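The values are calculated or read from the model by the stated rules, or taken from the named source; none is laboratory data. Keep in mind that what you see is a predicted model, and the values were worked out from it rather than measured. All Cβ positions, glycine included, derive from the backbone under ideal geometry; neighbour counts span all protein chains shown. Surface accessibility is based on the protein's heavy atoms, side chains included, excluding ligands, DNA and RNA. Shrake-Rupley method; radii C 1.70, N 1.55, O 1.52, S 1.80 Å.
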Amino acid sequence: MVSRLGFLGAIARLFMWAFLLSLAVVVLYPLLWMVLNGFKTNAELFGNPFALPTDLSFGNYRDAWNRGVSDYLAASVLVTVTSTVATVFISAWAAYGLTRVDIPFNKVLTAVILGGLMLTPTVALVPLVRMFQSMGLYNSFWALLILYTAFRVPFTTFLIRAYMIDLPREVDEAAQIDGAGRWTAFWRIILPMCKPIITSTVLLHVLFAWNEYLFAMVFTNGSDVQTLPVGLTSLMSKHGTDFPVVFAGMVIAAVPVVLLFLFGQRYIVKGLADGIGK
């Protein structure tokens, strides 16, 4: 009986490893195929798209960089970094007020903020376009910064609030006894204690802002403020017959996100588990 259970366990582990290996191939092969096609010529790509390139020349990557990908990358970095800082700071400060401060109508304010999770971007597009046009913010960096921050604050506040709820109140009382005000307690005590969930929310927002397409397409129409998702679409429309250059641009856009995910995946899982999982 014991030997049979051991045999069945070995078979189960074998199937599990086979499944994980197959999943890794399914995920990694398209990325590898995209990278390799960035080294090919059009003739090689159409002749045999699954063959290895004959020459590992970075000419296509250089052409993609010079044809606008560098500008799109700079715009994406600027919008992503600023919106991440704004979203995480506003959400952390809101979560602190909702969980650590006795304010009137606390539950009502929480419901109002979290109600933003039910608002989909597509529903608000038309009024938002007219509002930003009247304010002179349409087709500007500020439009994306405001939109990315506003639409992510409810979700980020929800995550950080779930983490802060279980932090001991004795910490706040000890800070007050030592003469620390609300701002000092928040900045020097509560935020460091929330490092796991803060790291998770930062990484989640970076992934969102870097890959966001709808707002970037609707609210920007100039190369100076277009982010990578919209810029790559423009690159395909302008150089659609030069597919290796398009593949090279896609690789340049994907590399930062892939590296960030590989570096931060364990922080995302740990932060969400310690927060919502409590």
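Quick notes on this structure:
- Relative contact order [Cα under 8 Å, 6+ residues apart], the chain, whole percent: 31
- Annotation: Cα Rg of the chain relative to the compact-globule expectation 2.2 N^0.38 Å equals 1.28.
- A protection proxy built from the mean count of other Cβ atoms within 10 Å ranks the segments 65-74, 20-29, 104-113, most packed first, as 65-74, 104-113, 20-29.
- Multiplying each eigenvalue of the alpha-carbon gyration tensor of the stretch 61-120 by 5 and taking the square root yields semi-axes of 40, 13, 5 Å, largest first, rounded to whole angstroms.
- Taking Cα atoms only, the orientation of helix 70-100 departs from the longest principal axis of the chain by about 20 degrees.
- Only aspartates and glutamates eight or more places from residue 107 in sequence, or on another chain, were considered; those with a Cα closer than 18 Å are 166.
- Positive-end residue of 56, 29, 125, charge dipole of the chain with Cβ unit charges: 29
- Accessible-area composition of the chain, carbon plus sulfur, in percent [1.4 Å probe]: 72
- Considering only 208, 46, 247, the Gaussian network model of the chain with Cα springs below 10 Å gives its largest mean-square fluctuation to 46.
- Expected-Rg normalisation [2.2 N^0.38 Å, Cα atoms] applied to the stretch 1-109: 2.00
- Accessible solvent surface per residue of the chain, calculated while the other protein chains remain in place, 1.4 angstrom probe, Å²: 57
- Relative to the longest principal axis of the Cα atoms of the chain, the long axis of helix 121-135 makes an angle of roughly 80 degrees.
- Mean-square fluctuations from a GNM of the chain, with a 10 angstrom spring cutoff on Cα atoms, peak among 241, 233, 220 at 241.
- Only DSSP H runs of four or more residues enter the estimate; each adds -39500 (n - 2.57), and after division by the residues of the chain the mean residue ellipticity at 222 nm equals -24500 deg cm²/dmol.
- GNM flexibility winner over the chain from 11, 103, 160 (Cα, springs under 10 Å): 11
- Under 16 Å of direct C-alpha separation, and excluding same-chain neighbours fewer than eight residues apart, residue 40 reaches these aspartates and glutamates: 55, 63, 242.
- The packing ranking, built from the mean of other Cβ atoms within 10 Å per residue, places the peptides 165-177, 184-196 in the order 184-196, 165-177, highest first.
- Extending 7 Å from the Cα toward the beta-carbon at both residue 20 and residue 125 defines two label points whose distance is 4.2 nm.
- Charge dipole magnitude, Cβ of K and R +1, D and E -1 - the stretch 47-147, Cα centre, debye nearest 20: 280
- Note that the stretch 117-222 shows a convex hull volume over its alpha carbon atoms of 125 Å³ per residue.
- Listed residues 177, 65, 245: farthest to the positive end of the dipole of the chain (Cβ charges): 177
- Largest-first ordering by accessible area, 1.4 Å probe, given options 213, 96: 213, 96
- Angle between the chain longest axis and helix 195-211 axis [Cα atoms, degrees, rounded to 10]: 40
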